[in-house]
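Visitor: Just passing along the structure, written as structure tokens.
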């Protein structure tokens with residue numbers, strides 16, 4: 001069961017990375033960059049949730065971090081994704097948790 005979630009997560013992550021890169025020349029010229037970023041963020045979030053279901057918390061945290069970066073580009077609200085990433089790293093990568101916590105404190109306080 002966890003393998004199914006992991007495979008789903010990897011697919012969503014690959015699709016999100018593809019969205020971030022954009023398509024060919026015409027899609028970069030005429031495509032809506034904001035929509036591409038929103039789509040990529042949604043796919044990274046789906047990947048993160050699937051990684052959590054597969055109990056691969058460090059990878060879930062990485063996907064949430066990508067959501068944070070995209071939200072910052074969109075002038076959105078990265079705090080929710082930062083919290084999710086911290087929760088994942090707390091369980092999956094304590095060193096990354098400490099570093100990200102310090103960054104979050106400096107950024108949001």
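Visitor: Largest first, please: the extent of the C-alpha atoms of the chain along each principal axis, to the nearest Å.
Guide: That works out to 43, 40, 17 Å along the principal axes.
Visitor: With runs of 4+ DSSP H residues as the only contributors, calculate the mean residue ellipticity of the chain at 222 nm using -39,500 (n - 2.57) per run, divided by the residue total and rounded to the nearest 500.
Guide: Dividing the helical sum by the residues of the chain leaves -28000 deg cm²/dmol.
Visitor: Determine the relative contact order of the chain: mean sequence separation of Cα pairs under 8 Å and six or more apart, normalised by residue count, in whole percent.
Guide: 24
Visitor: Take peptides 10-18, 62-70, 36-44, 92-100 and line them up by average Cβ neighbours within 10 Å, highest first, as a rough protection proxy.
Guide: 62-70, 36-44, 10-18, 92-100
Here, each number is a calculation from the coordinates, and none is a lab measurement. The structure presented is a predicted model; accordingly, all values stated were derived computationally and were not measured. Reconstructed Cβ throughout: ideal geometry from the backbone, glycine too, with neighbour counts over all protein chains shown.
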